[in-house]
Amino acid sequence: MEGIIRVPVEHTGVHMPQFTVRIHHTDNGFRNFQFGDATEMVLECSSDDLVLTTKQQETVESGSVVPLLEAVYAELNIGDTVLARVYRAKGLRSLSVGDLVELRDEAGEREIWACSRFGWDVIEDALKEELG
C-alpha cells in the first residue's frame, strides 16, 4: 500500500502466518458492532507492518489471532511506529469499540473481528458478504 513502510520484526524461527489487515471504522456511537452498521475501510496493511513481542508471535504461530488483534489495537491507539504515524497523519481516529479488523491469510481465508468493550467478537459469515 502506498505510504506504508514495512517495519521488520524479529521472528521466533517458526513460520508466523502472514495476514493482510484491513481496518473498517464504523459510525455507531462507539457501541458494540451490530449487523447493518455502516462501515468504511480506512487502512490496509500487512501483518509485517505490526510490531509483535516474541510471546505474541509464538501465540499467532500456534493458531490464535487474538495477539495480532491486540497489536493492531495498540498500534492504532498508542503506537509510535511508522504505521501508527502514517495512520494518524491520515487524520484517522483511534480504533474503537464497534470498529472492525479484517484479517486475510496467505490462503485467502478471511476472518473479521469487531472491537468490543472487553476484547473481540468474531463476525459471522453473513456479514462478511456485506463487507465485500
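Can you list which of the GluC sites (Glu not before Pro) found in region 66-129 are DSSP loop residues with at most 12 other C-beta atoms within 10 Å? Can you show the working numbers first?
Working: sites: Glu70, Glu75, Glu102, Glu106, Glu109, Glu111, Glu124, Glu129; in loops: Glu106, Glu109, Glu124.
The qualifying sites are Glu106, Glu109, Glu124.
How would region 28-131 be classified by its alpha-carbon gyration tensor: rounded, prolate or oblate, with rounded meaning a/c under 1.5 and the a/b versus b/c comparison settling the rest?
Here region 28-131 falls in the oblate category.
Can you tell me the relative contact order of region 28-131? Whole percent, Cα pairs under 8 Å, sequence separation 6 or more. Spell out each step's value before the answer.
Working: 103 pairs, mean separation 28.0, N = 104.
Relative contact order of region 28-131: 27 percent.
If packing is taken as the average number of other Cβ atoms within 10 Å across a peptide's residues, how do 86-97, 18-29 rank, most packed first?
Values: 86-97: 14.4, 18-29: 17.5.
Top of the packing list down: 18-29, 86-97.
Please report the net charge: other residues with Cβ closer than 10 Å to the Cβ of Thr81, K and R +1, D and E -1.
With Lys, Arg at +1 and Asp, Glu at -1, the net is -2.
How would you order 59-65, 34-40 from highest to lowest mean count of nearby Cβ atoms within 10 Å? Working shown, then result.
Details: 59-65: 15.0, 34-40: 12.4.
Per-residue mean Cβ counts within 10 Å order the peptides as 59-65, 34-40.
Read-outs throughout are calculated quantities, based only on the coordinates presented, and are distinct from any laboratory measurement. None of these values were measured; they are calculated from a predicted model. Positions of Cβ are backbone-derived with ideal geometry, glycine not excepted, and every protein chain shown enters the neighbour counts.
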